[in-house]
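Student: Could you have a look at this structure, given as structure tokens, before my questions?
The values are calculated or read from the model by the stated rules, or taken from the named source; none is laboratory data. Bear in mind that the values here come from a model prediction, so they are computed numbers and not experimental data. Don't worry about glycine lacking a Cβ; one is built from the backbone with ideal geometry, like all the others, and counts go over all protein chains shown.
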Amino acid sequence: GTKRTIIDLKKMHKQNEPIAMVTAYDYPSALMAEMAGMDMILVGDSLAMVALGYDSTTSITMDEMLHHCRAVSRGAKKPFLVGDMPFGSYQSSADKAVENATRFIKEGNMESVKLEGGVEMADVARRIVRAGIPVLGHIGLTPQSATALGGFRVQGKTAEAAAQLLEDAQALEDAGCYAIVVEAVPDKVAEYITQQISVPTIGIGAGPQTSGQVLVYLDMLGIFDRFVPKFCKQYAKMAPEIISALQNYTKEVKARSFPAPANCYPINDEQWNLFLK
Ligand code: KIV
Ligand code: NA
């Protein structure tokens, strides 16, 4: 395959081909996502919780995000790369938002940024788009404002809330977002929104009729399994495999059965005898 661009994403949407997206946080995860043929990679601020052990996504900084973006960009050359703007990097002013979005491009080697919020963030999104940076929107469950939402909970479950979500999606489309993440929304609502707007929706916990899907790398591989949301399918259960490999290693170290001869560097007898003399 070749490098995915905005044009390819548009084409896939037009041809009704679902867009496959996953998060990645470092070089090996990016390499493997690329080898798996992923269309898009998100360096999500979910990394705060699943890879850095923070309690929420709100504490991660621009510098921490950019550090991970650079690692991902070194591993993935084909997927379209999106950097997730962290909490506090785009809310205070549109100027600040454009400045920080620019850092994702110049310092993080990303091709696009994502920010959370609907109608209230549309002007900020528009300003970043006007600065020449493609923006991925994000509506529904927006983890950076989980506290304000009263926790990690499904959004758009009432007629009023569903109507608000549709308005949010339309505002982001109007602002120039090339696609919109829709998180934790009833599948019927997500499908309806997808039909009503002309840019692709990327669903997570939003049913099968969005224009694409995104999952969190460490969740879907069963590496981070302290909390697995209902919407996350575990395509592998890696944690028990990893723990058992680490246990075997520990056991073999204690028993001196590792390293085996195959893992050792020989010195030839002649040199060894010379050395002993
Ligand atoms: O941070 C993240 O991983 C995300 C995706 C779940 C969309 O925002
Ligand atoms: Na995020």
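Student: Return yes or no: is residue 93 over 20 Å from residue 173 (Cβ atoms), at pLDDT 95 or above and either acidic (Asp, Glu) or surrounded by 17 or more Cβ atoms within 10 Å (Cβ to Cβ) (or both)? Give the steps one after another, and end with the answer.
Tutor: Working: over 20 Å from residue 173 (Cβ atoms): yes; at pLDDT 95 or above: yes; either acidic (Asp, Glu) or surrounded by 17 or more Cβ atoms within 10 Å (Cβ to Cβ) (or both): no.
Spelling it out, it is not the case that residue 93 is over 20 Å from residue 173 (Cβ atoms), at pLDDT 95 or above and either acidic (Asp, Glu) or surrounded by 17 or more Cβ atoms within 10 Å (Cβ to Cβ) (or both).
Student: Restricting the first residue to segment 132-144 and requiring it to be hydroxyl-bearing (Ser, Thr, Tyr), which pairs with a second residue that is at pLDDT 95 or above and part of a loop (DSSP other than H, G, I, E, B) meet a Cβ separation below 7 Å and a spacing of at least six or different chains?
Tutor: Listed by first residue and then by second, the contacts come to 142/116.
Student: State whether the residues of segment 214-227 include one that is touching a strand residue (DSSP E or B) at 6+ places or on another chain (Cβ under 8 Å), in a strand (DSSP E or B) and either in the same structural domain as residue 55 (by TED's automatic domain parsing) or surrounded by 19 or more Cβ atoms within 10 Å (Cβ to Cβ) (or both).
Tutor: Yes, there is a match, as at least one residue in segment 214-227 is touching a strand residue (DSSP E or B) at 6+ places or on another chain (Cβ under 8 Å), in a strand (DSSP E or B) and either in the same structural domain as residue 55 (by TED's automatic domain parsing) or surrounded by 19 or more Cβ atoms within 10 Å (Cβ to Cβ) (or both).
Student: State which residue is surrounded by the most Cβ atoms within 10 Å (Cβ to Cβ) when the search covers only segment 193-209 and only residues that are free of Cβ contacts under 8 Å to residues at least 40 places away in the same chain and within 14 Å of ligand 1 (Cβ to nearest atom).
Tutor: Just the residues of segment 193-209 that are free of Cβ contacts under 8 Å to residues at least 40 places away in the same chain, to begin with: 193-198, 201, 203-204, 207-209.
Now restrict to residues that are within 14 Å of ligand 1 (Cβ to nearest atom): 201, 203-204.
Working: 201: 28, 203: 31, 204: 26.
Here the residue is 203.
Student: Counting just the residues of segment 105-135 that are more than 16 Å from ligand 1 (Cβ to nearest atom) and basic (Lys, Arg), which one comes out surrounded by the most Cβ atoms within 10 Å (Cβ to Cβ)?
Tutor: My answer is 127.
Student: List the number of the failed condition for residue 91; all other conditions in (1) outside any helix (DSSP H, G or I); (2) within 14 Å of ligand 1 (Cβ to nearest atom) hold.
Tutor: It fails just one condition, (2).
Student: Ok, one more. If I ask for residues that are over 15 Å from residue 144 (Cβ atoms) and within 16 Å of ligand 1 (Cβ to nearest atom), which ones from segment 24-42 would you list?
Tutor: Within segment 24-42, the first condition is being over 15 Å from residue 144 (Cβ atoms), and the residues that meet it are 24-41.
Scanning segment 24-42 gives 24, 25, 26, 29, 30, 33, 38, 39, 40, 41.
Student: Going through 75, 37 one at a time, which residue ends up being more than 16 Å from ligand 2 (Cβ to nearest atom) and on the phi > 0 side of the Ramachandran plot? First the steps, then the outcome.
Tutor: Values: 75 fails: on the phi > 0 side of the Ramachandran plot.
On inspection, the qualifying residue turns out to be 37.
Student: From 255, 260, 184, 236, which residue is out of contact with any helix residue (DSSP H, G or I) (no Cβ under 9 Å at 6 or more places or on another chain) and free of Cβ contacts under 8 Å to residues at least 24 places away in the same chain?
Tutor: Working: 260 fails: out of contact with any helix residue (DSSP H, G or I) (no Cβ under 9 Å at 6 or more places or on another chain); 184 fails: free of Cβ contacts under 8 Å to residues at least 24 places away in the same chain; 236 fails: out of contact with any helix residue (DSSP H, G or I) (no Cβ under 9 Å at 6 or more places or on another chain).
Matching residue, one of 255, 260, 184, 236: 255.
Student: Across segment 136-192, what is the number of residues that are in a helix (DSSP H, G or I), within 16 Å of ligand 1 (Cβ to nearest atom), modelled with pLDDT of 95 or more and aliphatic (A, V, I, L, M)?
Tutor: 4
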